[in-house]
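Participant: Structure below; questions to follow.
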Amino acid sequence: MSYVPNTDADRAAMLEAIGVRNAADLFRDVPEAVRFPELDLPAPVSELEVLRELKELSEYNVDLEHAPCFLGAGAYQHFVPSVVGHIISRSEFYTAYTPYQPEISQGTLQSIFEYQSMICALTGMDAANASHYDGATALAEAAVMAVNVGRGKRRRVVVSAAVHPEYRAVVRTYTQGAGLVICGDDGNPFDLEALVELMDADTACVIVQNPSFLGYVQEPSTLRTLAKAAHDTGALLVISADPISLGLFAPPSEYGADIACGEGQALGGGLNFGGPYLGYFACREQYVHKMAGRIVGQTVDQRGERGFVLTLSAREQHIRREKASSNICSNEALMALAAAVYLTALGKSGLRKVAELCYHKAHYAAQRLATLPGYELHGQGTFFHEFPLHCPRPVQEINDYLLNEWGIIGGYDLGRNYPELANVMLVCVTEVTTQDEIDTLVEALQDIEEAL
Amino acid sequence: MVKYAEDRRYMPSHEWAKLEGEEAVAGISDYAQDELSDVVYVELPAVGEEFAKGETFAVVESVKAASDVYMPMTGEILAVNTELEDSPQLVNEDPFGAGWFIRFRPSDPEEYQALLDAKAYEKHCQEEAERGG
């Protein structure tokens, strides 16, 4: 049976219409010599042999099951309870796309509604959407939303230099052509208060990451000052927050945030070679009509029974057309489900426990590492599960040695994004990191000084 | 039966304006609310904002559309109908009364004369309906 729908007669008609004799004529622009090159392929092998070969190749990869990992910088290794994989692998969930029809999608809609409710509980915000692609696009949507809250009249977006460098790049890419001025991130990443000076009547929002990209938890008093300065000029405070940290530290609502968003990968998502990830997004009720993306709402059906529907859809592109403020009509439903199952499995105290373990282990690591000659913590303050560590030599050199000689994945080289932070490594420690692994890292770093 | 109140004037884009001394009130017509069907949300401007005639000053969302609402006369917003926040259905129930959108101070009262009177507006609506909206 042929799977190509057009017949020989169809093809002949099409070729005639465009004035060529046969399909090969379409490739005349490709030089004859390279048109059909001899491919140097090995002889065919059996499935068993292919599997063996691929398995062998895959073993060249370094994976987290075998290598202790101190790399975070926006993607975090956390324990994922097996129930998460089981639930999201149910075909009712993993095959479902955006649930337009409430008549047949109550299960999916309810799971999204519960996810939204949990994001609200975590951030202290009034309403959450069904999610965005990842933390970076969620932040870009926050900037766009803030501009729309200002009716497009406020064109300035003030961003802290301690926001993830890739998120800042995405905000710029996302808003290019919109005539926005994105500023503030050429300043000192440790000086949040300096942003107050940058806010004026043209400012739509100020964006802060908490804990910062450098690992530090921002002072609540500073954040409140920033919130007040923003609100006094009619701008919004946007917070990008690691969701696990919210198990331990104050939610964005407590220090005046208007929009809270961030990367939800840490919530049962695993690292997955970089995706799919999850952008969570929540805001205060007064701005809900400006929020992008799908929102699932709870309602009652004709018989008065609880049900779920997509709600406030007049915000969206299929109704608002060219006047829509965002073209996001979809979400990361499967990853949102993973987050909801993860949070449900852990519960309130479980999430706090995970956050506490991250915090205490990271502090144990910082304390041990800072005792090494030439190593010290860069900056000061409370940090969560990551901290900048000043090293006696280039971070890349250390990381190569750690990986090749000790099988350890080192931390993030902050010099890549912050020239003033050359030789500063962002070390990440989560609840999955063992004391033994931390002690081994200390030992390995001592070894480097002797070896190099 | 769609009503065309005679004590005010209209824009072809279905907003009405009614003069009250130095001030004016604006909203959308009965014909407009009927076309939109159930209004679920009205986004109103801030008091003190100024709009030129024809500029978008509000957005009305119904179950089937989101539409910009245009300023019938140049002016400064003096008050907005905050009742619409919780009761957007007032726009459907009483578009010429409790469903008003804004109270504003026209900078050029002469602009009022350029708007359509009830008869001309009714004719305009009938033509629009015949053309299929």
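Participant: Could you tell me which of the residues A:Gly247, A:Gly256, A:Gly274, A:Gly215 is in contact (Cβ under 8 Å) with a residue 60 or more places away in the chain, over 17 Å from A:Tyr115 (Cβ atoms) and surrounded by fewer than 24 Cβ atoms within 10 Å (Cβ to Cβ)?
Facilitator: A:Gly274
Participant: Take A:Ser330 and decide whether it is under 16 Å from A:Pro81 (Cβ atoms) and surrounded by fewer than 19 Cβ atoms within 10 Å (Cβ to Cβ).
Facilitator: Answer is no for this residue.
Participant: Let me ask another. State whether the residues of the stretch A:373-388 include one that is part of a strand (DSSP E or B) and closer than 16 Å to A:Glu449 by Cα.
Facilitator: yes
Participant: Further, regarding this structure: Tell me, which residue of the stretch B:23-57 that is closer than 12 Å to B:Trp100 by Cα and of a type in the set (A, V, I, L, M) is nearest to the chain's Cα centre (by Cα)?
Facilitator: B:Ile28
Participant: When A:Phe273 is evaluated against the numbered criteria (1) more than 14 Å from every other protein chain (Cβ to nearest Cβ); (2) hydrophobic (A, V, I, L, M, F, W, C); (3) on the phi < 0 side of the Ramachandran plot, which criterion, by number, is the only one it fails?
Facilitator: (3)
Participant: Here are B:Ser67, B:Ser37, B:Ser62: which of them is on the phi > 0 side of the Ramachandran plot and either within 14 Å of chain A (Cβ to nearest Cβ) or of a type in the set (Lys, Arg) (or both)?
Facilitator: Sole residue among the options that is on the phi > 0 side of the Ramachandran plot and either within 14 Å of chain A (Cβ to nearest Cβ) or of a type in the set (Lys, Arg) (or both): B:Ser37.
Participant: If I filter the stretch B:92-104 for residues that are under 19 Å from A:Gly150 (Cβ atoms), of a type in the set (Asp, Glu) and surrounded by fewer than 19 Cβ atoms within 10 Å (Cβ to Cβ), do I get at least one hit?
Facilitator: No, every residue in the stretch B:92-104 fails to be under 19 Å from A:Gly150 (Cβ atoms), of a type in the set (Asp, Glu) and surrounded by fewer than 19 Cβ atoms within 10 Å (Cβ to Cβ).
Participant: Follow-up question, since we're still on this one. I'd like the full set of residues that are over 13 Å from the mean Cα position of the chain (by Cα) and not β-branched (Val, Ile, Thr), limited to the stretch A:269-290. Before the answer, list the steps.
Facilitator: Within the stretch A:269-290, the subset over 13 Å from the mean Cα position of the chain (by Cα) is A:282-290.
Listed by number, the residues that qualify are A:Ala282, A:Cys283, A:Arg284, A:Glu285, A:Gln286, A:Tyr287, A:His289, A:Lys290.
Participant: What do you reckon, is B:Ala32 more than 10 Å from chain A (Cβ to nearest Cβ) and in a strand (DSSP E or B)?
Facilitator: no
Participant: In the stretch B:66-124, which residues are under 19 Å from B:Asp7 (Cβ atoms), in a loop (DSSP other than H, G, I, E, B) and polar (S, T, N, Q)?
Facilitator: B:Asn81
Participant: Output the number of the condition that A:His360 fails; it satisfies all remaining conditions of (1) more than 21 Å from A:Gly74 (Cα to Cα); (2) within 27 Å of the chain's Cα centre (by Cα).
Facilitator: It fails just one condition, (1).
Participant: To continue, here is another question. Could you list, in sequence order, all residues of the stretch A:144-175 that are hydrophobic (A, V, I, L, M, F, W, C) and over 16 Å from the mean Cα position of the chain (by Cα)?
Facilitator: Passing the criteria: A:Val144, A:Met145, A:Ala146, A:Val147, A:Val149, A:Val157, A:Val158, A:Val159, A:Ala161.
Participant: Look through B:Ser62, B:Ser29 and report the one residue that is buried (at least 18 other Cβ atoms within 10 Å of the Cβ) and touching a helix residue (DSSP H, G or I) at 6+ places or on another chain (Cβ under 7 Å).
Facilitator: Among B:Ser62, B:Ser29, only B:Ser62 is buried (at least 18 other Cβ atoms within 10 Å of the Cβ) and touching a helix residue (DSSP H, G or I) at 6+ places or on another chain (Cβ under 7 Å).
A quick yes/no check of all residues on (1) outside any loop (DSSP other than H, G, I, E, B); (2) surrounded by 10 or more Cβ atoms within 10 Å (Cβ to Cβ); (3) assigned by TED's automatic domain parsing to the domain that holds A:Glu356; (4) without any contact (Cβ under 8 Å) to a residue 12 or more places away in the chain:
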position	(1), (2), (3), (4)
A:Ser2	no, no, no, yes
A:Pro5	no, no, no, yes
A:Ala9	yes, no, no, yes
A:Glu38	no, no, no, yes
A:Leu41	no, no, no, yes
A:Asp63	no, yes, no, yes
A:Leu71	no, yes, no, no
A:Ala75	no, yes, no, no
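Participant: With the requirement that a residue be under 24 Å from B:Asp34 (Cβ atoms) and out of contact with any strand residue (DSSP E or B) (no Cβ under 8 Å at 6 or more places or on another chain), what does the stretch B:46-81 give you?
Facilitator: Correct list: B:Lys64, B:Ala65.
Participant: Still on this structure, I have one more. Could you please tell me which pairs satisfy a Cβ distance under 8 Å, a separation of 6+ or placement on different chains, a first residue in the stretch A:187-200 that is in the same structural domain as A:Arg154 (by TED's automatic domain parsing) and among the small types (Gly, Ala, Ser), and a second residue that is assigned to a loop (DSSP other than H, G, I, E, B) and surrounded by fewer than 18 Cβ atoms within 10 Å (Cβ to Cβ)?
Facilitator: Partner pairs satisfying both residue conditions: A:Ala194/A:Asn188.
Participant: Collect the residues in the stretch A:317-357 that are farther than 11 Å from A:Leu267 by Cβ, more than 14 Å from every other protein chain (Cβ to nearest Cβ) and of a type in the set (S, T, N, Q), keeping them in residue-number order.
Facilitator: A:Asn327, A:Ser330, A:Asn331, A:Ser349
Participant: Further question on the same structure: Just for the stretch A:279-316: of the residues that are outside any helix (DSSP H, G or I) and polar (S, T, N, Q), which one is nearest to the other protein chains (Cβ to nearest Cβ)? Outline the logic, then answer.
Facilitator: Pass one, the stretch A:279-316, residues outside any helix (DSSP H, G or I): A:279-284, A:291-312, A:316.
Retained after the next criterion (residues that are polar (S, T, N, Q)): A:298-299, A:302, A:311.
Numbers: A:Gln298: 16, A:Thr299: 13, A:Gln302: 17, A:Thr311: 9 Å.
Ranking the qualifying residues of the stretch A:279-316, first place goes to A:Thr311.
Participant: Turning to a different aspect of this structure: Could you grab me the full set of residues in the stretch A:20-38 that are acidic (Asp, Glu) and within 45 Å of the chain's Cα centre (by Cα)?
Facilitator: In the first step, residues of the stretch A:20-38 are kept if they are acidic (Asp, Glu); the result is A:25, A:29, A:32, A:38.
Scanning the stretch A:20-38 gives A:Asp29, A:Glu38.
Participant: Only one of (1) assigned to a strand (DSSP E or B); (2) among the β-branched types (Val, Ile, Thr); (3) under 30 Å from A:Val309 (Cα atoms) fails for B:Val25. Which number is that?
Facilitator: All conditions are met except number (3).
The values are calculated or read from the model by the stated rules, or taken from the named source; none is laboratory data. Note that the coordinates shown come from a computational prediction; the quantities given were computed from them, not determined experimentally. All Cβ positions, even for glycine, are placed from backbone atoms using ideal geometry, and neighbour counts span all protein chains on display.
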